[in-house]
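Values in this text are rule-based calculations from the coordinates and carry no lab data. Everything numeric in this text was worked out from a predicted model, so none of it was measured. A quick note on method: Cβ atoms are made from the backbone with ideal geometry, for glycine too, and the neighbour counts reach across all protein chains shown.
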Amino acid sequence: MGFLKKLSSSPAALLACLVAGALVGYFLPDLGGSAVIFGQLYLAVVGMAALPLLVVATFFGLRQTLALPQPGKRVAMIGVLAVLLVAACAVVGTLIAVVAEPGRSLDHGTRQYLGAMVQKAGSDAGDTEIALVDEAAAEKQAGNWVTSFFPSNFFRALADGDSLGILLCAILFGLAFAALSKAQNLSLTATFEAVYRALEIIISRVNMLIPLLVFSMAAYFAAKTEPRTLAAMGGFLGWFIVLALVLCAVAVAVIRKQCGLPAGQVLAALKAPALISLTSASTTASIPDTIEAMSNKLGFSRGIVELVTPISSVFLRSGSALYYALLAVFVANIYGRSLGPQELAVVALGATLAAFASAGHNSAANVGYAGMVLGMLQLPAEAALALFLAIDLICEGPRNLLTLLFSCALISLVSRGLPSERKASIDSTDAPLRPVRFAFTGSDLLVGICCCLVVAALLVMLGFGVGLKRGADAAGRAAALHTGVGQ
């Protein structure tokens, strides 16, 4: 178990699994294509435990947040800052895309290849309609959009995995839960606490299989994706990954400033949730590690952490906002469309709205919401579905990582003024005496064995010497006695 834990938290090991999976998928495409079942199994188990954990964490977060000074002001601050952070990512993505112009300098052959991909996707679809959501559910939501936000049956939303409906029901129930007196909710609190810890254990155990997930998804991607597609979309991929990493560094700088710890300690605390977000296709898989890192390790208010972390995993789609902004400008460039200031403002606004509209959806379903931005610019949404679905597995990791770190930055800003909850180190003068443990390396053990052998040999030689000396003394006494008797 300890070996799997170290393996899942080692960047070098995960990189090795990524390379190995890519090689298997490239040289053995049949095997790589079937490896996706491991990724689907991982997401199924994580979703099974993460959704109830989202509910319980929201309960505890609301109760503790309402007990803090000025709770209304802090909750309002959470909402305003969340909108500003998502909009900031959309604006940054739009402005950098205008300067970098991804897709503008593609050669004629690459443009023909991308056009052929779009036409092939359309011809393969034929008269079949491609739906990213259930058609009946979509028609129902179109007729009454209120039910999509406030489901009439909480257990049905939980069974369907509707994270948006689950979260809103959890918030309403959590408000009622927080309104109860301490004596009234004591037994319920104990039950929720046990459920909370059990779900954390399930997710932590499943996350040990992340190396297998990385291997299988890399094998599947290498088996199903043409190398020329990666080369043609290289301009978009490069700028998206670089911008996501730069914005992640900005978020880490904000967190470091708010907690007052060295950058190395902040990075060490956020290492586990960052790796989970980067390598898994789920925004909720990192919830337990994020709560542990932001509260116990970095000292931010646990009530704020438990409230913001599950909500931000659904609503705060900073990575998606950056993704949609770059995507819209890229598609406009490959179609030779020049965007003026007003249209760029539409891109930033549309990317922000699409990011919030995609709440509760992960992986390839995110690409479908790019049609909102492209529709505002009167660009064909088929290009987004055909081109970006092929590379979405690469974009998923940076997208989730940026969402995670911006959520942590939001927590650090909202927790300003609250006392630190970081576990204080015990003073050496007051620390209880502990037994001394000796640890030996291989060379130390070899030297120790040799010393023991030398000491044993000396003892044996000493024993022989003492025995011989006693034998000689006894022989001398016997000879002297024999001589005396003879005289």
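Taking region 309-388, which chymotrypsin sites (Phe, Trp or Tyr not before Pro) meet the DSSP loop condition and have no more than 15 other C-beta atoms within 10 Å?
Those satisfying the criteria are 335.
If you average the alpha carbon positions of region 305-373 and of region 233-269, how far apart do those two centres end up, in angstrom?
20
List, in order, the whole-Hz ³J(HN,Hα) value for each residue of region 25-40 obtained from phi through the Karplus relation with A = 6.51, B = -1.76, C = 1.60 and θ = phi - 60°; use x for Gly and Pro.
Those phi angles translate into x, 6, 8, 10, x, 5, 5, x, x, 8, 6, 5, 4, 5, x, 5 Hz.
With label points built 7 Å along Cα→Cβ from the Cα atoms of residue 108 and residue 418, find their separation and express it in nm.
Simple spin-label model gives 6.2 nm for this pair.
In whole Hz, what ³J(HN,Hα) sequence does region 232-243 give by Karplus (6.51, -1.76, 1.60; θ = phi - 60°), x for Gly and Pro?
Karplus-based 3J(HN,Hα) across region 232-243 equals 5, 9, x, x, 5, 4, x, 5, 5, 5, 5, 5 Hz.
Put a dot 7 Å past each Cα toward the Cβ at residue 173 and residue 13; how far apart are the dots in nm?
Roughly 3.6 nm, to one decimal.
Quick one: if the Förster radius is 25 Å, what FRET efficiency do residue 231 and residue 338 give, using the C-beta to C-beta distance and rounding to 0.05?
0.50
For residue 257 and residue 389 in one chain, what is 0.36 nm times their gap in residues minus the Cα-Cα distance, to one decimal in nm?
43.7 nm
Using the Karplus curve 6.51 cos²θ - 1.76 cosθ + 1.60 with θ = phi - 60°, what ³J(HN,Hα) values do you get for each residue of region 249-257, in whole Hz, with x for Gly and Pro?
Result, rounded to whole Hz: 5, 4, 5, 5, 4, 5, 5, 4, 5.
Can you give the translational diffusion coefficient of region 2-414 in µm²/s, computed by Stokes-Einstein from the Kirkwood radius over Cα pairs at 25 °C and 0.890 mPa s?
111
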